[in-house]
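Encoded as structure tokens, the structure appears first; notes follow it.
The values are calculated or read from the model by the stated rules, or taken from the named source; none is laboratory data. Computed from a predicted model, the values in this text were never measured in an experiment. Every residue, glycine among them, receives a Cβ derived from its backbone with ideal geometry; neighbour counts consider all protein chains shown. In case anyone asks, the SASA skips ligands and DNA or RNA and just uses the protein heavy atoms, side chains included. Shrake-Rupley method; radii C 1.70, N 1.55, O 1.52, S 1.80 Å.
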Amino acid sequence: MKLRLILLVLSLLAFLSTAIGGYLYYYSLKESAFQEAAQQAEIRVEMLRINLSTMISANVQPARVLAGIPSIINVLYSADPSTMAQANAILDHFQANLGADVCYLMNQDGLTIASSNRQDPDSFVGYNFSFRPYFKGAMNHQPTSYLALGTTSGKRGAYCSSPVYARGTRTPIGVVVIKASIDQVEKELGLGPEDILLVTNPVGVIFISTREDWRNNLLWDLSREEIERIAASRQFGPGPWRWTGMKLWDDKYLVDQEGQRYLMNRTQIDHFPGWNIIHLRPLETIAKVVSEPLLRITAPVVFTISVLVGLGVFFLYQKASQEILKRKTVQKALAESETRHRSLYNHTPAMLHSIDREGHIVSVSDYWLEVMGYQREAVIGRTLTDFFTESSRKYAEDIVFPEFFRTGVCKDIPYQFQTAGGDVIDILLSAVAEKDHAGLPVRSLAVSIDVTERNRAQRALQMAQEELGRYTRGLEKQVEERTREITSILRYTPDVVSIKDRDGHYTLINTCFEQILGRSNEAVRGMSDADLFPAEVARQFRENDLKVMRERRSFQFEEQMPHRDGTLHHYLSVKFPFFSEDGEANGVCEISTDITDVKRAQNQLRRLSASIMASQEKERAAIARELHDELGQVLTALRMDSVWMSQRLADRDPRAAQRAREMCRLIDKNIEDVRGMAIRLRPGVLDDLGLVAALEWYTTDIERRSEILCSFEHQPIPSISDAVATAAYRIAQEALTNAVRHARAISVKVELRVVHHQLVLKVTDDGQGFDINGVPESEGIGVAGMKERANLVGGRLRVRSATGQGTEIQLEIPLPEDGSVSI
């Protein structure tokens, strides 16, 4: 009874401790969960504000671009079918690529004259939206973003407007509008099923909501005057706007009509004064974060404690009966152990047998009988050696048996058994003796292991080792031959070959390198580049070696190396790393080819090319002067004579006078063509005003002569030489010509800047692009000419392009520290 009472008291104390601890844990976990939920809600609202502001205002810049397209401007001047078709094509293009709901154009009276939804039943064409704030703002030079319900389509949208200016002025003559669907914005909010997101105007009209039944209703209870003002604005349709029943409860909570409370976080939307993003999360959902995990944890704990207490009481009552049954269990286990021993002896997959002092078999295992092919009755009582081969029988009777019965043990004795079928098997026999009270062996327990297959494998392995030895000797002979071949290559190759360790010390140089240095391989081994070459040369060598080991791949460098005669030779070096067993780069091998003569020939060719291009420029300038001075004067004189003739014949012969005026027009066109040819051959503005003015004139001329929008941006450029200015101008000219002829581009951008003491010219188009590696050699002459011009002024030309991704051509010419450029 005392034991039972103690167990009961301990159980009650354990239950009370668990209950109190669980309550305190639940209270602290609940407070922590509410704090964490509030912090997460603030972060989520801020992220939603950024994402929502970005999505709503995403079309501001595209609207400005759309307003500046000539086709849009032209239709406001003349709404003929051709200009209207062009404007509609531009609006369709913007709508499709931006994923907008609709793009449309209004004249200065607010009347929609072109729209991407012109074919739809709810087309905007012919409707006047001058009452909309986005139209009024744009006509006042203010691009405007506006949220509203469409009066024509009945669809919610984010409107982005921009003024369309008259040609060459800042006078608005129309407004372009891009409307994005609010439904798509709601789909991309990505909130959980329990969370509610609202976007409200300054008085509480719900414009965006993750709850569909709340959309276009009122978050707060408004007065009749406020509802009438909402209706008068026509911003949210005809209504009605029903109150959702929400009321404020404290500063951070809302309560609906059913009494459910929500945690509220809100913030304002960028560029929409008074508009709020409101995030609501039910307090019941937050509480579940605490209660459900707590129930999952505490229920198993309480159940486990109850089970443990019951098991403890049960253990105490059962201890006595267990002691009584222990002896019976031990006896039963002993009997089972004996049975298992007999079963193990007879059924184990090993050859077991026992013999008496005379060598007669007294027992064998079933596996022994299976391997030997005998029945048990034919084996028991016979001498063990009857089953041995002759050599094994003599070995057992003369040596093994006497020693075993003397010591009582033998181990790994090799025998050969002969089976009933006449097969011979190899075995290893190990045995221990069972002794009597006097310590004399009376019987044995032996285990025989069939090693026939193992012995065969050993013999096969020995033969394989012999074969491997022969193969190894042949391989060593091949290695010697390859070593002699490699030694011959290193000795007689005209290239410089060397190997360095990871610290830059030479471990091997070939004969050619020995002749250049005037030192032997043994003398150079262990030395570094700093010990053999001037400091600048050694530094360059070391930097290249470190780059190879750091990048863990081969590189090709152009390096300079002084020879003993004092001449400086140019080498094309291929360097690649060596790797250790653990994969670490621990050395560099270098193979260098003397390209001094090639460099000399390249320099001569470059000078010749420079001379040819300079001659071309002079010839172009001369031809341009001839066209301007000679032919231009002749055409001017002809025009004067034609004017005189038309005036003289006006009264006498009207038809002849008309022919004279036609001649004047043809002569004017020829004068204009001659002037254009002269300028394109050698623009005078390049010689008189410099590169910036020449590029500005040429981009304007390209835009005038083609249907491509061409823009030019530049920074202040320091003084540069005529050769550099000419090269940059000709490269820009070639790039723009390619864009007009081949790229099918809509716009081209030319930039001229100074970046890190380099003159950078960049020409970028949005055309169809091309595969740089797939251009035939005959079609790549233009790019090759641009690269040649860049090389002649010490610059570098980069071409980036891909099919369907436009083309970018960038020229980089180093500037000296004083800012000027010379050849």
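As a ratio to 2.2 N^0.38 Å, the alpha-carbon radius of gyration for the range 408-488 is 2.10. The eigenvalues of the Cα gyration tensor, multiplied by 5 and square-rooted, give the range 694-802 an equivalent ellipsoid with semi-axes of 22, 19, 12 Å from largest to smallest. Rounded to 0.05, the FRET efficiency of the T267 and T152 pair, given R0 = 35 Å and the Cβ-Cβ distance, is 0.60.
Label sites at L111 and A530, each approximated as a point 7 angstrom past Cα along Cα to Cβ, lie 8.5 nm apart. Whole-Hz Karplus values for the range 243-259 come out as 7, 6, x, 6, 9, 6, 10, 6, 7, 10, 9, 10, 10, 8, 5, 8, x Hz, taken residue by residue from phi with 6.51 cos²θ - 1.76 cosθ + 1.60 and θ = phi - 60°; glycine and proline positions read x. In this Cβ point-charge picture (+1 for Lys and Arg, -1 for Asp and Glu), the range 398-498 has a dipole of about 200 debye about its Cα centre. Note on Y471 and T171: their simple-model spin labels are 9.6 nm apart, each label 7 Å out from Cα toward Cβ. With all protein chains kept in place, the per residue accessible area of the range 356-508 amounts to 64 square angstrom at a probe of 1.4 angstrom. Surface composition of the range 157-289: carbon and sulfur atoms hold 46% of the protein heavy-atom accessible area at a 1.4 Å probe.
With 0.36 nm allotted per residue and the present C-alpha distance subtracted, the I499-D641 stretch has 42.7 nm of extension available.
Annotation: per residue accessible area for the range 515-573 equals 59 Å², rounded to a whole number [probe 1.4 Å, protein chains only]. Placing a label point 7 Å from the Cα of D436 along the Cα-to-Cβ direction, the residues of the range 349-373 with a backbone N closer than 11 Å are 357. Among Q95, L149, S130, which residue has its Cα furthest toward the positive end of the charge dipole of the range 56-202, with +1 on Lys/Arg Cβ and -1 on Asp/Glu Cβ? Positive-end residue among those listed: S130.
Given R₀ = 41 Å, what would the calculated FRET efficiency be for L283 paired with D92, taking r from the Cβ atoms and rounding to 0.05?
The computed FRET efficiency comes out at 0.25.
In terms of the Cα gyration tensor, with a ≥ b ≥ c the square roots of its eigenvalues, is the range 501-611 rounded because a/c is under 1.5, prolate because a/b exceeds b/c, or oblate? It is oblate, given that a/c is not under 1.5 and a/b is not larger than b/c. Taken about its Cα centre, the range 97-159 carries a charge dipole of about 140 debye when Lys and Arg each add +1 at the Cβ and Asp and Glu each add -1 at the Cβ. Here each label is just a point 7 Å from Cα along the line to Cβ, and for K749 and D221 those points are 5.6 nm apart. For the residue pairs K669/K749; K179/K252; K136/K179; K500/K547; K326/K435, the alpha carbons lie more than 23 Å apart in K669/K749; K179/K252; K326/K435.
Among residues other than A231 with Cβ under 14 Å from its Cβ, the summed charge is +1 (Lys and Arg +1, Asp and Glu -1).
Once backbone amide H atoms are built at 1.01 Å from N, W275 has I269 as its partners under 5 Å, excluding neighbours fewer than 5 places away on the same chain.
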